[in-house]
Each structure stands twice: as C-alpha cells, then as structure tokens.
Amino acid sequence: MYNNTQIRAFKQATTIFLQKLTLKEEISSVDINILKENLRFHEYRYYLLNDPLISDFEYDILYQALTKIETEYPQLITPDSPTQRVGSSINKSFVTVPHLVPMLSLENSYDADDLNDWERKAKDQSNLNAIEYCIEPKFDGASISIIYENDLLVRGTTRGDGVEGEDITNNIRQIRSIPLSAPFSKYGIQQIEIRGEIVMTKDSFTKYNESLIAQGLSPLANPRNAASGSLRMKDPKEVAKRNLEAFLYHISFIQKGITTPHKRDIDLFSSNDTNENDYQQILTTHANSLKFLWDLGFRSPQKEKVVVTGVDEVIKHVHDFEQLRDTLPYEIDGMVIKVNDFALQDKLGMTTHHPRWAIAFKFKARQATTKLRNVEFQVGRTGAVTPVAKLDPVQIGGVTVSSISVHNEEYIKEKDLQIGDTVLIERAGDVIPQIVKSLPDLRDGTELPIQFPTVCPVCKSQLFKEEGEAVWRCINIECTAQVVEKIIHFVSKDAMDIKSFGEANVRKFYEMGILKDIPSIYTLDFSQLSTLEGFGKKSIDNLTAAIESSKQQPLYRLIYGLGIRFVGETTAKALANSVEHLLDFTSKTEEDLQQLDDVGVKVAKSIHHFFSNEQNIIMLNQLESLGLQLKNIKKEAVVEGGLVGQTFLFTGTLSKLKRSEAEALAEEKGGKIVSGVSSKLNYLVVGEDAGSKLEKAKKINTIKVITENEFLELIESK
Ligand code: IVH
C-alpha cells in the first residue's frame, strides 16, 4: 500500500515527532495531518503486516500527542482520526438493518467427488473445458459486512438472517485492521459493501479463557464463539481489548460515482494513470479484488490465496493447506474455492442459498459426540474445587479425549450437563478441548444430575464460595490435596525445575511421610528412599544433584514456584526485577505493587496478602537458611553483562543448543529475548529451516542476522 518513498517519509516524520516529544516540545496543530497519517501508517505496519517499525510505547506517545491537539482544537477532529475508534457511547441495543445485498451461505464439499461434481456443473453451464479458481482459507469466525460511503466507514453489520443483520458499527470501529477511511473515490466508487470474517487468534482465545477462568467465570467453547460474542458487546472499549482480527474476502456491492469524497489528511494515492483508477478495469477477477482490497489497507487473504486451474490442482492445494492448519495463528475450518473470473461468476449466478461460483471444502471435523459418564472433583493448589467430566474416550483431530474440565457449577448449569448425557465436544488445534453443549434430545430418562460437593473431596472440610465468584474453595491450608499440588507446582519445569522429582514422586514421598511441605524438599531423608523400588543409587544421586542445583535458580522462578494467586511467569519476572531481596515485598503496599508492569488491583492484593501472612514469611526464611537464593543476583550480573541493551530472537532449529539454553546464554550476558521481529531487534540468530522471521528481518537493515556459531562466538567474546 505504501511505496518506498512514503515509507521513508513516515519513518523520518516519526523520528522527528518522537524527538520533539521526548524533549517535551509541542507538536504544532499545523502538523496534525502528518501526525494522523503517521499513526495510520504504524497501525498498518502493526495490524496488517505484523511488522511494526516502532514500539507500542512510542505509538502511545504519538497517539497521546494527537489526542492533546484534538482536545485543544476539537474542530480539527475528523471521523477517521485514529483517536475516533474508541467511541464513548455504550451500545444500548443493536438495531436491525438490511444488507445491501443478501449475505448468502456456501455450498459444502468434503471430498474429491463433491468437487468434481461441482466443476462438472460449472463446465456444463459455461461450455468451458478449463476453469481457473482462486482458493483461500475458510476463516472460522463471525461474518460481517461493512459499508464505506464517500471513503468513510459508515456501517458494520452482523450476518443476522442473511437479509438483515444487527448494526454493530461502534464495535467494528474498534478493530484496528479495519480502516476508518479508504480512498475508494479514486476508483470512481461512491459506496461499497465488503464481506469478511472477524476472528480471534488461538493465542488471544487461550488468554481470554484463562482470564475468564481466573475470574471464576465460564470459558468459551471455541474462538468462533468468542469472536461473535465480542462483536455484540455493549461496551465498545471492551471490544478493543479482545484483539480481534478482520479478514475481508468479498466485495458484494459497488455504487459508481463520486459525490463529495472525504478529504484524506495527506493524499497518498494520487495517480496520473487514469486507467489504473477505474475500478471496472481492476476488478475483473477475485484474485484482483483481494489485491485491490489489500492495496487499500484491508487485510484480505491476499497472501494466503492461490490461483490454480482445474479441480485436480484444487484438491492438491487444499490437502497441502490442511497440513498447515495447526500452524496458523487463527482457526480455519476449510478452504473456499471461488471461480476466479468475475464474468464467469456472473454467468454461473446463484441459488437463493449460495453462489454457484463458490464452494467450501470442509476439513475433518474437530468436533465429536460422546457420553459423559461421571464427574470427579479435583482440588487445586489454591483450594479451588474443579469438576472434571469423565467421558467415553473419543478421537478428535488425532487425539484421544477422555476427560475435560467442566470448570464450575455455573458452567454445568449453563451447559445443562447431566451424568449419562451425550455431549458435543470440540478441540480447536492445540487449544484445550471443551464441551460445546449437551444434547438433551438424546436423553432416555436414566440421566442423573451432577451433585456439587459441600465438603472438600480430600480433607472433608466445609467448602466456601466468595461473593461474585463461581468457584468453590477448600480454605483448609493444611488440606493434603493443596499441599501436594503446591509442591508439584514448586518443582515443575517452569518453576524451580527440579528434574526427576515429578508429580508421581511428590505424591509417593508425601504418602511416605518424608515430604510434608516445600522446605522439606531440601531436607529429604534419602536413606528412606533407597528402600523404594526403582530408587537405585543413580536415581538418588540425580535427584540430590537436581535439588541442590535448584537452590541457585533465579529469583523469578522461586516467586513463580510459590504459586501466589494470579502471579504467572511474566508477573514473577516483573516482581523479581523490582527488588533486591524477596523479603523486600513485606514492606510494599498494594499501591507500590500496582506501579509494576503487569500488576493490577487484583494481583497487587493477592501479592500483598501472600507477604502479609506470617506462615509464608517463616517458610521463606526457612528456604533461605536452607541455601536458596532469595536475592535478585541476576539483576547485578545483568548490569555487568557485555550484551546489556541488546535484544535477541532465535528462529529455526539450532543444532548445538536447545532454544531455551541459547536464550539463557544471551540473558546471562545481559541480553534480552524478544518475541517478534521489529526495529527493536538487534540480533536474529538463525538455525535450520528459518522461515518468515528471517524474511522479515532481512527487510530491516539494522537487524544483524547471525548463525548459531556466530552467536556462540559473540557470547564467548562478551
Ligand atoms: S465467501 C457470496 N470466503 O463461511 C460469498 N466465505 O459457510 C460468500 N467464510 O457465510 C462468502 N471464510 O461467513 C467466503 N474466504 C471466505 C470465507 C467465507 C469464511 C464464511 C462466511 C460464509 C460461511 C459459509
């Protein structure tokens, strides 16, 4: 969309703006147009190309500068200003509005025979021997329709019944990959209706479900439900937080003519070639329409699509693409095959239900039905009692599923689950399986309600539920289940990583009475272990060494291992970096804690609660006297490391080191590991079969691309 000259100009302008703002100089209102286009440029880099040129922090500085000018000069606010996504108004109700053209569905196909039948009909109808197709992913999300008039986004609608949908414009404006304005008028287009799919990435979905569970709420069955639920939220600000993405794949209506196009802040799209500007010259094939949308700043499946001739090629491609399914960041449930040529599409026409020029090829279902046989109740390390459904084992997407968490009492009620029910379950790639619903129509009267226990299934003490929470908890801190789960968490891989300890050994040692709490790990009576089957000298030596070396684990691992509620690995790192010694937290207030990255009100409260408990302080003192590292020694080492201030990213398969070992080496010398390629990256270390990260890095000339050997040399030299 942007040419090289424009990219350079934006980079320069960004640098100048940021310099001024860092020096606390004002940006003149005269520059508002450049500032706005600049922000749009960075949104495009971030949301469409996934290749930002500035940090989120720098983006925020520019955004705030724009907000400041607009507050001072409200007359300069335009409807497509980047600040105008987040409207203040709450959606009271969603009004139903007609689509300009009905939103049809797609015919489905499942195998080569179905596709051959479909092609045969198309060939008969068109008298052609060979047909060209454009193939693209079938995004598994919520379908939308958006309308631009005179270059401005004026409406966003759900599919509804296909003829009319709900007006969700305010919510659609929150999705940053959907431009608020686009220069359609340059192409003689006054009004355009575009169709697409809103998806939630698998990562965002997992995080979202985790946050629901942490709040004691019910998680959602799949990213599709999460996306469609998000689009209908009352508060647009909440929609903005959901990280939704939009794929636009179909132009359903165009009204020719120019009335009074919205004036763009800077004219980026002038062209002397009039032919190039006539949409009818450009929009001759589906593939061209995807490129057209992409060039105007829409996230169309321009990079994902392929154009092939004949059904045999189609079949080959859809099968190849199915192999990639699990590697994609979002869910797809098949491919859509579209006749590429628009003239031929018109000739083939449509039925009342679907176009004859397109067909969906559905991948193997990730859903299955099975019987819910029983519900068991497990007590976690925080005392939360979680019901787990025991199912007749069933295969979904190559994995056997026989038990699924059903989270809490509310969830069981919502899904109307009973013992003996047939249930529909779904597993989205690497996402944890969920029960979508029960099938009450298949009941035969022998089903039994699920009884939630009133006492802890392990220690039998009374269960409690906090107000506003859905989770029942055992609050007996001596409850065996909790103590054992706490120790299992403490020794686990991401926490203290005490190799060869493991869940089974924790349970065994606990039953034997030689392990009773976390400190007792460090005073284990090894003489008693030698009587156990499978515990020869070698395994005892290994275990002793692993326990001993865990004493030197960095502080954040210890913090994470303590299992403080709401403190995950990232928060543990932020906490560790903020103190000299772990017990410094005893003097911090909730307000102090909230100043830290990643720590909100709820998390601060939980941390404060942990460090105000005398028992916990006694335990930490005990651990220190047993030789564990409670000081933030890494902080000191880092300051001295030769790679302080340098960022690293590893891609491809390394041959000498594991990825985690390589990262640890860089961190030991003060380097920082980052998660993506951007201008903030200093070194990309490339192993075998490096893919898109390498391609991206090559485009940013400040990034040093080095091999594993070069990396090791660098580490040696520092
Ligand atoms: S084309 C007339 N393309 O699948 C054009 N649809 O099962 C019809 N979908 O209602 C739509 N990805 O919501 C098209 N690349 C894609 C799609 C796609 C997902 C959805 C769409 C449609 C449903 C039919």
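Scanning the range 349-366 for residues that are of a type outside the set (D, E, K, R) and surrounded by fewer than 17 Cβ atoms within 10 Å (Cβ to Cβ), which turns out farthest from ALA122 (Cα to Cα)? Only one residue tops the list, namely ALA365. Of all the residues in the range 441-469, those that are exposed (fewer than 12 other Cβ atoms within 10 Å of the Cβ) and under 30 Å from LYS202 (Cβ atoms) number 1.
Close contacts from the range 122-149, counting a first residue that is within 16 Å of the ligand (Cβ to nearest atom) and a second that is part of a loop (DSSP other than H, G, I, E, B) and of a type in the set (D, E, K, R), with Cβ to Cβ under 6 Å and a gap of 6+ residues or different chains, come to CYS134/LYS305; GLU136/GLU304; GLU136/LYS305; PRO137/GLU304; ASP140/GLU331; SER143/ARG159. Going by what's in this entry, would LEU49 be described as in contact with a Pro (Cβ under 7 Å, 6 or more places away or on another chain) and under 25 Å from GLU695 (Cα atoms)? The answer is no for LEU49.
Only a single item in (1) under 25 Å from the mean Cα position of the chain (by Cα); (2) among the basic types (Lys, Arg); (3) part of a loop (DSSP other than H, G, I, E, B) is not met by ARG381, and it is number (1). The requirement of being in contact (Cβ under 8 Å) with a residue 40 or more places away in the chain, away from the ligand (no atom under 16 Å from the Cβ) and closer than 23 Å to PHE247 by Cα is satisfied by PRO79. In the condition set (1) under 30 Å from the mean Cα position of the chain (by Cα); (2) more than 30 Å from ALA358 (Cβ to Cβ); (3) touching a residue at least 40 places away in the same chain (Cβ under 8 Å); (4) in a loop (DSSP other than H, G, I, E, B), LYS11 is compliant with all but (4). Determine whether the range 326-344 contains at least one residue that is surrounded by 19 or more Cβ atoms within 10 Å (Cβ to Cβ), modelled with pLDDT under 90 and touching a Gly at 6+ places or on another chain (Cβ under 8 Å). Checked against the condition, which is being surrounded by 19 or more Cβ atoms within 10 Å (Cβ to Cβ), modelled with pLDDT under 90 and touching a Gly at 6+ places or on another chain (Cβ under 8 Å), the range 326-344 yields no hits at all. For the residues LEU596, LEU620, LEU630, the requirement of being modelled with pLDDT under 90 and under 25 Å from GLY568 (Cβ atoms) singles out LEU596. In the range 308-320, the condition of being more than 14 Å from the ligand (Cβ to nearest atom), within 26 Å of the chain's Cα centre (by Cα) and closer than 30 Å to ARG45 by Cβ is met by at least one residue. Given (1) surrounded by 18 or more Cβ atoms within 10 Å (Cβ to Cβ); (2) within 16 Å of the ligand (Cβ to nearest atom); (3) assigned to a helix (DSSP H, G or I), where does ASP114 come up short, assuming only one miss? Of (1) surrounded by 18 or more Cβ atoms within 10 Å (Cβ to Cβ); (2) within 16 Å of the ligand (Cβ to nearest atom); (3) assigned to a helix (DSSP H, G or I), only one is false for ASP114: (1).
The set of residues in the range 295-336 being part of a helix (DSSP H, G or I), among the β-branched types (Val, Ile, Thr), in contact with a strand residue (DSSP E or B) (Cβ under 9 Å, 6 or more places away or on another chain) and closer than 22 Å to SER692 by Cα consists of VAL318 alone.
Return the residue satisfying two criteria in turn: it lies in the range 154-171 and is touching a Pro at 6+ places or on another chain (Cβ under 7 Å) and either assigned to a strand (DSSP E or B) or among the β-branched types (Val, Ile, Thr) (or both), and of such residues it is farthest from the ligand (Cβ to nearest atom). Among those that are touching a Pro at 6+ places or on another chain (Cβ under 7 Å) and either assigned to a strand (DSSP E or B) or among the β-branched types (Val, Ile, Thr) (or both), it is GLU164.
To keep it simple, each residue is scored yes or no on (1) among the acidic types (Asp, Glu); (2) part of a helix (DSSP H, G or I); (3) in contact with a strand residue (DSSP E or B) (Cβ under 9 Å, 6 or more places away or on another chain).
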position: GLN451; (1), (2), (3): no, no, yes
position: VAL458; (1), (2), (3): no, no, yes
position: GLU469; (1), (2), (3): yes, no, no
position: GLU478; (1), (2), (3): yes, no, no
position: GLN482; (1), (2), (3): no, yes, yes
position: HIS489; (1), (2), (3): no, yes, no
position: ASP494; (1), (2), (3): yes, no, no
position: ALA504; (1), (2), (3): no, yes, no
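The values are calculated or read from the model by the stated rules, or taken from the named source; none is laboratory data. Computed from a prediction, not measured in an experiment: that's the story for all the values here. Cβ sites come from the backbone with ideal geometry, for glycine too, and all protein chains shown count toward neighbours.
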